[in-house]
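Participant: Pasting a structure here, questions to come.
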Amino acid sequence: MSLGSVITAIVTPFDDRQKVDEEAFLDLFRHLLANGSDGVVVCGTTGEAPTLSDAEHLRLVELAVGERPEGVTVIASTGSNNTAHACWMTERVTEIGADGILSVTPYYNKPNRRGLIRHFTEIGKATDKPVVLYNVPSRIGLSLDHDLLAELGQIDNLDYVKQADNDALAQVDGLGLYAGNDDGFAQALDLGALGGILVASHLVGPQMKEMVTDPARRGEIDAGLKPLYSALGVTTNPVPVKAALGLLGRNVGTTRLPLVEPDEQELQVIRQGLADVGLL
């Protein structure tokens, strides 16, 4: 079973006072669904979850669920390095009606293997929805190896992995595979992945959907999008994608501190990336 093939980790728009802009969020949600996305991840890293209050976080999930057309997937990110809080948030978004849960590897406190298994076991108990494990060693400081992922895949409700380590992209017994990086999407699809949880799909969703539906052109499309992938990595996500959306006339505001807007040199890289793929 798939949660969709092109799933966008949607940004959280803020207004000029740095308050969540609910109308801009819904407008962007509708735009994504009209441009290749099968669903969204709400309040992930790209959605600036670390700077959202619980009330803001749950409200955004509620908005997406309330706006969701039939067949569209809303995945709520509820990961935390505090197991009790992750479980509480998972229970709340399940009650709200999310279709799935994204749960990141606990960060900073770096639990050992036994701690990771116990943490994710509790997450699985907190919901009857499918859980997507999120392996992102570049942010976490540790990686879920294939053996551990296979063991986690035997736990009730742990059904998928978002693999954000391109070097570790592989099918794992018991877990459906999703690419976690834009520049690993084509590679993951070639390996038989269900799809990707993506950022560039804010900007080139139809092209990324075509990578799914037209495998013969996948490599060509991927090669053409590489300048954009690179530009979106010029500084910390989601700073570049928010700036790119703004350059294209979709005002989602800036990021909350400690992330700051791109400087002029970074902004020029983002402009050039958009131009290179024909968006500017």
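The values are calculated or read from the model by the stated rules, or taken from the named source; none is laboratory data. These figures come from a predicted structure and were not determined experimentally. Methodologically, a virtual Cβ is constructed for each residue, glycine included, from the backbone with ideal geometry; neighbour enumeration extends over all protein chains shown. Ligands, DNA and RNA are excluded from the accessible area calculation, which covers all protein heavy atoms including side chains. Shrake-Rupley method; radii C 1.70, N 1.55, O 1.52, S 1.80 Å.
Participant: Probe 1.4 Å, all protein chains in place: accessible area of Leu274 in Å², nearest 10?
Facilitator: Roughly 0 Å² of Leu274 is accessible to a 1.4 Å probe.
Participant: For segment 1-108, build the convex hull from the C-alpha positions and give me its volume per residue in Å³.
Facilitator: Details: hull volume 11.3 nm³, N = 108.
Cα convex hull per residue, to the nearest whole number: 104 Å³.
Participant: I've got another one for you. So what is the relative contact order of the chain, in percent, for Cα pairs below 8 Å that sit 6 or more residues apart? List each step's numbers first, then the result.
Facilitator: Numbers: 537 pairs, mean separation 51.6, N = 280.
This gives 18 percent for the chain.
Participant: Still on this model: Distance in nm between label sites at Leu26 and Glu70, each 7 Å beyond Cα in the beta-carbon direction?
Facilitator: 2.2
Participant: With every protein chain left in place and a probe of 1.4 Å, what is the accessible surface of Asp54, to the nearest 10 Å²?
Facilitator: 60
Participant: Please compute the net charge surrounding Ser2, taking Lys and Arg as +1 and Asp and Glu as -1 over other residues with Cβ under 12 Å from its Cβ. It would help to have the intermediate numbers written out before the result.
Facilitator: Numbers: positive: none; negative: Asp38, Asp99, Asp159.
With Lys, Arg at +1 and Asp, Glu at -1, the net is -3.
Participant: Expected output is a single nm value to one decimal: the length gained when fully extending between Gln18 and Asp128, i.e. 0.36 nm times separation in residues minus the C-alpha distance. What is it? Mind showing how you got there, number by number?
Facilitator: Working: separation 110, 0.36 × 110 = 39.60 nm, distance 3.43 nm.
Answer, rounded to one decimal: 36.2 nm.
Participant: Can you compute the charge dipole magnitude of the chain about its Cα centre, using +1 on each Lys and Arg Cβ and -1 on each Asp and Glu Cβ, nothing else charged? Give it in debye, rounded to the nearest 20. Don't jump to the answer; show the numbers that get you there.
Facilitator: Details: 22 positive and 38 negative charges, 69 e Å.
Using Cβ point charges on Lys, Arg, Asp and Glu, the chain gives about 340 debye.
Participant: Just want to confirm a number: the relative contact order over segment 1-58, from Cα pairs under 8 angstrom separated by 6+ residues, in percent.
Facilitator: Numbers: 61 pairs, mean separation 26.1, N = 58.
So the answer I get is 45 percent.
Participant: Work out, step by step, the length gained on full extension between Leu248 and Ala34: first 0.36 nm times the residue separation, then minus their alpha carbon distance; give nm to one decimal.
Facilitator: Working: separation 214, 0.36 × 214 = 77.04 nm, distance 1.64 nm.
Between Leu248 and Ala34, full extension yields an extra 75.4 nm.
Participant: Could you work out how far apart the two model spin labels at Leu259 and Leu279 are, taking each label as a point 7 Å from the Cα in the direction of the beta carbon, and quote it in nm?
Facilitator: 1.5
Participant: Which residues in segment 215-231 have a backbone N closer than 20 Å to a point placed 7 Å from the Cα of Gln171 along the Cα-to-Cβ line?
Facilitator: 215-216, 218-219
Participant: While we're looking at this one, here's another question. Among (i) 19.3, 63; (ii) 20.3, 67; (iii) 17.5, 50, find the value of Rg and Dmax of the Cα atoms in Å that was calculated from the structure presented, and write down its label.
Facilitator: (iii)
Participant: Which translational diffusion coefficient, to the nearest whole µm²/s, is obtained for segment 162-246 from the Stokes-Einstein equation, given a Kirkwood hydrodynamic radius over C-alpha pairs, 20 °C and 1.002 mPa s? Please list the in-between numbers first.
Facilitator: Values: Rh = 13.1 Å.
D, rounded to a whole number, is 163 µm²/s.
Participant: Ok, one more. Suppose R0 equals 22 Å; then what is the FRET efficiency for Gln272 and Leu191 from their Cβ-Cβ distance, rounded to the nearest 0.05?
Facilitator: Working: r = 31 Å, r/R0 = 1.40.
The computed FRET efficiency comes out at 0.10.
Participant: A further question on this structure: Describe numerically, in nm with one decimal, the distance between label points set 7 Å from Cα along Cα→Cβ at Tyr107 and at Ala55.
Facilitator: Modelled inter-label distance: 2.4 nm.
Participant: If one computes the Cα centroid of segment 197-276 and of segment 12-59, what distance in Å separates the two points?
Facilitator: Segment 197-276 and segment 12-59 have Cα centres separated by 16 Å.
Participant: Still on this structure, please answer the following. Work out, in µm²/s and without decimals, the Stokes-Einstein translational diffusion coefficient of segment 110-176 at 10 °C, 1.306 mPa s, Rh from Kirkwood over C-alpha pairs. Show your work: numbers first, answer last.
Facilitator: Working: Rh = 12.0 Å.
Reported coefficient: 132 µm²/s.
Participant: Could you work out [θ]222 nm for the chain from helices alone, using -39500 (n - 2.57) per DSSP H run of at least four and dividing by all its residues? Round to the nearest 500 deg cm²/dmol.
Facilitator: On the way: 11 runs with 119 residues, N = 280.
Here the helix-only value at 222 nm equals -13000 deg cm²/dmol.
Participant: On to the next question. For the charge dipole of the chain, defined by +1 on Lys and Arg C-beta atoms and -1 on Asp and Glu C-beta atoms about the Cα centroid, which residue among Gly39, Gly246, Ala55 has the Cα displaced farthest towards the positive pole?
Facilitator: Looking along the dipole axis, the top candidate is Ala55.
Participant: To continue, here is another question. Over segment 1-97, what is the mean sequence separation of C-alpha contacts under 8 Å (at least six apart), divided by residue count, expressed as relative contact order in percent?
Facilitator: Numbers: 119 pairs, mean separation 28.2, N = 97.
RCO, segment 1-97: 29 percent.
Participant: Could you work out how much longer the chain between Leu142 and Arg118 gets when fully extended? Use 0.36 nm per residue separation minus the Cα distance between them, nm to one decimal. Present the calculation step by step, with values, prior to reporting the outcome.
Facilitator: On the way: separation 24, 0.36 × 24 = 8.64 nm, distance 1.63 nm.
Roughly 7.0 nm would be gained on extension.
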